[in-house]
Amino acid sequence: MARKKKTAEQSRLKGTIELHGRTYRARWMVDGKYYTRSTGTADRDEAETKLAEFLEPFNLKDEKDTLALLAKKVEGVTAELRDYEDAKPALALADGFDAYRQSTERPDSGDRTLSGYESQYGRLVDWTAKHYPDAKEMRHISREIADAFMAHIAVQNSSNTYNKYITLFKRMWEVLTDKARLTVNPWAKMKHKADDKASTRRELTIEELRRVCDSVTGEMRILFAVGIYTGLRLGDCALLEWGNVDLARRMIAIIPRKTKRHAHGKPVIIPMHNALAALLCETPPDKRKGCVMPKTAEEYRRSSSLVTRRIQRIFNNCGIQTAHKDNADARAVVDVGFHSLRHTFVSLSANAGVPLAHVQAIVGHSNPAMTRHYFHVSANALQNAVGALPDVAASKAAGESGVPCAFCAVLDGMTLAQLRAARDEINRRIAEKGAQT
């Protein structure tokens, strides 16, 4: 009598479990050979499940089943590794900025800029500790937390400041994605606000400039003159060095700090106005080393806000209103500051009929197309541009013979032949003046 063919279920390999000490042990036989393996559990149902897992490879019917089993096991191992990594501590929120500062992937920023960034990030850390104490790592900052923080920023700051926070945090999360094991960037899709709080900073009038120049003394007098007649920003003025100043040729050559770290950071050549040259000539030649205004430079390096506050007090003491309250909220909007001198330089130049390209060459416009446009502007044209500005900061000193210091500086830079030619020209003019009188 022929044997009945076993069904697929009947042909599956089966084994047994038996209690071995305190845990169950699985036992099964394949091709006459017995296999045993501990299930690692004292629970019978769990032991039965383990037995089925042990026998699964032996009950595979074809290659398809084998691949499915391998995929299942790989998925399980991957999930376990993911859970393990997630359980490990990641970059603490409080340590985020130090990690960003040390990263080689972040944009190159100056110390002052980084200090500002650190202050902004510190504000996020402090706010989060107060409102979301469980969010201790950067990866714990969800979109919900990010939205709540930016709502807080929007109440107390302008749209421009609000946008700066988003830009900074978006970049930080991008740079620290791997180090902080971030899976999402909560700042990535945040929209910038329209800058409805645009700066109302204005240029100063000639009368206001004279009032300020008459009130300042010492290094502040030089600082304001440099700002008025060069259009340089506060940091460039405060840290100006004698190495940037060529009194003989009446030129200032400097790479603005704002563009110094970038590829397009090229020197700007600024002709000196007679008033500025005269002021600088008041410093004896043997003292023209290091910074033009050493005390101001030291104070600026220590804290730029100290210099800024001194400048604002000068404006206020001269009866110049520096800020006003915005009607929409209680925030003060700055109207006048040292940067107003840069606006003033451009405005006075335009009023004097100086071509825009000449002004852009002097103030160091960073747009490549504009740079190409004014690259061929001649030194004489630039000198005439600055010379067209009104004298609001005339030097209070001159040589013993009444010869202006600026004129002496020009003579210092002349060759012997040029000096002789100048002497003859001066004698000729003296003769003409004498004949007229």
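A few comments on the model shown:
- Taking other residues whose beta carbon is less than 13 angstrom from the beta carbon of residue 135, and scoring Lys, Arg as +1 and Asp, Glu as -1, yields 0.
- Here residue 317 and residue 259 are evaluated by their C-beta separation; at R0 = 30 Å the FRET efficiency comes out at 0.35.
- Inter-label distance, residue 147 to residue 111: 4.2 nm, where each label sits 7 Å from its Cα along the C-beta direction.
- Residue 249-residue 161 FRET efficiency (beta carbon distance; Förster radius 56 Å; 0.05 resolution): 0.85
- Three-way shape call for the range 161-298 based on the alpha-carbon gyration tensor, with the a/c threshold at 1.5: prolate
- Across the range 124-190, the fraction of Cα-Cα pairs farther apart than 19 Å, rounded to a whole number, is 28%.
- Radius 12 Å from Cβ of residue 435, net charge of other residues (Lys, Arg +1; Asp, Glu -1): +2
- Taking 0.36 nm per residue of separation and subtracting the current Cα-Cα distance, fully stretching the chain between residue 308 and residue 419 would add 35.6 nm.
Every number in this text was worked out from the coordinates using simple rules, so none of it is lab data. None of these values were measured; they are calculated from a predicted model. Cβ coordinates were reconstructed from backbone atoms using ideal geometry, including for glycine residues, and neighbour counts include every protein chain displayed.
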